[in-house]
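First the structure, in the form of structure tokens, and then the observations on it.
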Amino acid sequence: MKKLIIAPGLAALVFVLIGADIPKNESAQNASNASVVKKKCVGYTIIEFGKGVDCNGDTVKLVKVNNGGQVLAQ
């Protein structure tokens, strides 16, 4: 009885594992290999004191100014 329950389960597991490695189309692979083009961005989001993230997702250094704000380090 256990063999009747385990055999289809193992067959389904093998089917799922084999299907996971088969690429569906080549355009999805080419999209993942494409290089990232950085655009010119203005502004940043402060994530902690002295650090920010610009619109490209890069971490930027911020410095304190006299009025208590923070600006990009030059």
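Every number in this text was worked out from the coordinates using simple rules, so none of it is lab data. These numbers come from a predicted model, not from an experiment. Every residue, glycine among them, receives a Cβ derived from its backbone with ideal geometry; neighbour counts consider all protein chains shown.
In table form, for the structure just shown:
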| item | result |
| --- | --- |
| Gain on full stretching of the segment that runs from residue 1 to residue 14 - 0.36 nm per residue minus C-alpha separation | 2.6 nm |
| Per-pair calculated FRET efficiency, R0 = 25 Å: residue 35 and residue 64 via Cβ, rounded to 0.05 | 0.10 |
